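The structure under discussion appears below in the form of structure tokens.
The values are calculated or read from the model by the stated rules, or taken from the named source; none is laboratory data. None of the values given here were measured: they were computed from a predicted structure. Methodologically, a virtual Cβ is constructed for each residue, glycine included, from the backbone with ideal geometry; neighbour enumeration extends over all protein chains shown. Protein only, heavy atoms only, side chains kept; ligands, DNA and RNA dropped before computing areas. Shrake-Rupley method; radii C 1.70, N 1.55, O 1.52, S 1.80 Å.
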Amino acid sequence: MTMATDYALALACAFFAILTLSRRKSHPAIDIWVCAFVTAAVGAALGGTHHGFRTHIPTGTAKGLWDFT
């Protein structure tokens, strides 16, 4: 279940990054928000991969995924 919620969070953050990017010209802080949403999306996707597949991937790879999140 954790994997599914992590991937759902990643999709939501990616959606908000795209939505925010479409309003790029309206405020100078938009770029910072896009960066924050993209970073959260990547972290959530990596966390979901770790939660879902840690028993199927080498220990070092699993640790690397978790450390990167």
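For this structure, a couple of remarks:
- Protein heavy-atom accessible surface, 1.4 Å probe, per residue over the chain: 72 Å².
- Estimated distance in nm for a label pair at Thr2 and Lys25, the labels positioned 7 Å out from Cα along Cα-to-Cβ: 4.5 nm
- Helix 30-53 vs. the chain, principal-axis angle (Cα, 0 to 90°, nearest 10): 20 degrees
- The long axis of helix 59-68 is offset from the longest Cα principal axis of the chain by roughly 20 degrees.
- A convex hull fitted to the Cα coordinates of the chain yields 65 cubic angstrom per residue.
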